[in-house]
Amino acid sequence: MTRVKHLHAGKVRDLYSDRGDLLLVASDRVSVYDVPLPTPIPDKGALLTQLSVWWFERFRDIVPNHLISATDVPAEFAGRAIRCRPLTMIKVECVARGYLTGSALQEYRRSSTVCGVPLPSGLVEGSKLPEPIFTPTTKADTGHDLPMTFDDVVAQEGRETAERLRDLTLRIYREGAEYAAERGILVADTKLEFGWDADGVLTLGDEVLTSDSSRFWPADQWEPGRPQHSFDKQYVRDWAVSTGWDKTPPGPAVPPDVVEATRQRYIDVYERLTGRTWDSPGSPAS
């Protein structure tokens, strides 16, 4: 094994130091409701990594990103790791929403707002919003992320940074959603992360518009007023809840049919978005 220093084990990613750079390695683990499940999804880490790399290239003229190389990585991580620049990460999960679902739907039903943003009356599950909205959350080291208002981000990061985070998040969402819609995919929402590089430049990090950080729906099956068919890990979330699991550790083992159906959803969205045929790099699952 290549001599790299292990820095951190996340729910689904591992971070290493190598020659002054960082290696961000996506495992095949899947996490739902902030709880890692014991069963891996084969190829998941590689699919997420390769899709992020594809989006990083597409958005590079909008904002700098942390990617150095997707190929200059240790052989045991091939296909599911990127070499990237270290960033001082901003403690905000930058979420853009174009449709009403998930926790946003629950808040809307209580208050007709989402993260302090007022919305029209009469919206239902899966409704398209009048325009995309910025709905940030905290970036918790442990436990669940909590909703923030834009004013909360201003108080934490300063107005100039908060406005840049909001504007970049919404621009990336809009451009990504427009591109995806041309390929039959609705991007209901997505989460982005930003940090400061060594020169103080605001930089896009982590992952971009993947099936773990976004909700992807097939456009031809979209029907407001009910749960939507999904290309993302919402399928696993729904299955896990259906077992009676109470969303606390440990998570339930995932049966083979759910594993394969989830893997096929990840492959489908990758192929639709990139126009490429998925060819598994044969990386070991972890």
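The values are calculated or read from the model by the stated rules, or taken from the named source; none is laboratory data. This is a predicted model, so every value here is computed, not measured. All Cβ positions, glycine included, derive from the backbone under ideal geometry; neighbour counts span all protein chains shown. Accessible surface is based on the protein model in full, side chains and every heavy atom, while ligands, DNA and RNA are left aside. Shrake-Rupley method; radii C 1.70, N 1.55, O 1.52, S 1.80 Å.
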Helical mean residue ellipticity (222 nm; -39500 (n - 2.57) per DSSP H run of 4+; nearest 500) of the chain:
-9500 deg cm²/dmol
What is the extension gain from Thr248 to Arg60, computed as 0.36 nm multiplied by their sequence separation minus the C-alpha to C-alpha distance, in nm to one decimal?
63.8 nm
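FRET efficiency for Ser112 and Asp257, Cβ-Cβ distance as r, R0 = 35 Å, nearest 0.05?
Details: r = 39 Å, r/R0 = 1.13.
Computed FRET efficiency for Ser112 and Asp257: 0.35.
Near Ser213, within a Cβ-to-Cβ distance under 12 Å, what is the net charge of the other residues, with Lys and Arg +1 and Asp and Glu -1? Don't skip to the end; give the middle numbers.
Numbers: positive: Arg13, Lys191, Arg215, Lys233; negative: Glu93, Asp189, Glu193, Asp206, Glu207, Asp212, Asp232.
Here the charged neighbours net out to -3.
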Candidates Thr101, Thr248, Thr135; GNM for the chain (alpha-carbon contacts under 10 Å) flags as most fluctuating Thr248
Mind checking which of Thr190, Ala261, Thr274 is farthest towards the positive end of segment 187-286's charge dipole, using Cβ charges of +1 (Lys, Arg) and -1 (Asp, Glu) about the Cα centre?
Ala261
If amide H atoms are built 1.01 Å from N in the plane of the peptide, which residues on other chains or at least 5 residues away come under 5 Å of the amide H of Asn65?
Leu204
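What is the magnitude of the charge dipole of segment 1-91 about its Cα centre, with +1 placed on the Cβ of each Lys and Arg, -1 on the Cβ of each Asp and Glu, and no other charges, expressed in debye to the nearest 20? Walk me through the intermediate numbers first.
Numbers: 13 positive and 10 negative charges, 42 e Å.
Using only the charged Cβ atoms, the result is roughly 200 debye.
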Where the centroid of each part is defined by its Cα atoms, how far is segment 86-103 from segment 1-63 in Å?
17
Please list 3J(HN,Hα) in residue order for segment 160-168, calculated via the Karplus relation 6.51 cos²θ - 1.76 cosθ + 1.60 where θ = phi - 60°; whole Hz, with x for glycine and proline.
4, 5, 4, 5, 5, 4, 4, 5, 5
Among Gly244, Ala26, Val153 the positive-end extreme of the charge dipole of the chain (Cβ point charges)
Gly244
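Hey, what's the per residue convex hull volume over the C-alpha atoms of the chain, in cubic angstrom? Kindly include the intermediate steps, with their values, before the conclusion.
Details: hull volume 38.5 nm³, N = 286.
That works out to 135 Å³ per residue.
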With springs only between Cα atoms under 10 Å, which of Glu193, Glu175, Glu160 fluctuates most in a Gaussian network model of the chain?
Glu160
Pairs to check: Lys44/Lys139; Lys128/Lys191; Lys5/Lys247; Lys11/Lys44; Lys5/Lys44; Lys11/Lys233. Give those whose C-alpha atoms are more than 25 Å from each other in this structure.
Lys5/Lys247
Diffing segment 180-195: the Karplus 3J(HN,Hα) column from phi (6.51, -1.76, 1.60, θ = phi - 60°), in whole Hz with x for Gly and Pro, holds 5, 4, 5, 10, x, 10, 9, 9, 5, 6, 7, 10, 10, 10, 10, x
Using θ = phi - 60° and Karplus 6.51 cos²θ - 1.76 cosθ + 1.60, couplings along segment 198-215 (whole Hz; Gly, Pro as x):
5, 9, x, 8, 5, 9, 7, x, 6, 10, 9, 6, 9, 6, 9, 9, 9, 9
In terms of solvent-accessible area of protein heavy atoms at a 1.4 angstrom probe, what is the ranking of Glu182, Glu125, highest value first?
Glu182, Glu125
Give the calculated FRET efficiency between Glu223 and Val35 to the nearest 0.05, with a Förster radius of 25 Å applied to their Cβ-Cβ distance.
0.25
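So how strong a dipole does the chain carry about its Cα centre when Lys and Arg Cβ are +1 and Asp and Glu Cβ are -1, to the nearest 20 debye?
Values: 34 positive and 42 negative charges, 43 e Å.
It works out to roughly 200 debye.
Using DSSP to call loops (not H, G, I, E or B), can you name the trypsin sites (Lys or Arg not before Pro) in segment 1-86 whose Cβ has at most 15 other Cβ atoms within 10 angstrom? Intermediate values should be presented prior to the final figure.
On the way: sites: Arg3, Lys5, Lys11, Arg13, Arg19, Arg29, Lys44, Arg58, Arg60, Arg80, Arg83; in loops: Arg3, Lys11, Arg19, Arg29, Arg60, Arg80.
Passing both the DSSP loop test and the Cβ count: Arg3, Lys11, Arg19, Arg60.
Count charges around Cys94 for me, please; just the other residues with Cβ under 9 Å from its Cβ, Lys/Arg as +1, Asp/Glu as -1. If you can, show how the numbers build up before the last one.
Numbers: positive: Arg166, Lys191; negative: Glu93, Glu193.
Once positives and negatives cancel, what remains is 0.
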The long-range amide H neighbours of Thr39, using H built 1.01 Å from N in the peptide plane and a cut-off of under 5 Å, are Val254
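What are the equivalent ellipsoid semi-axes of segment 39-120, built from the alpha-carbon gyration tensor (square roots of five times its eigenvalues), in whole angstrom, biggest first? List each step's numbers first, then the result.
Details: eigenvalues 228, 60, 27 Å².
Its equivalent ellipsoid spans semi-axes of 34, 17, 12 Å.
First select every other residue whose beta carbon is under 10 angstrom from the beta carbon of Val269; then total the charges, Lys and Arg +1, Asp and Glu -1.
Details: positive: Arg183, Arg265, Arg272; negative: Asp232, Asp268, Glu271.
Computed value for this residue: 0.
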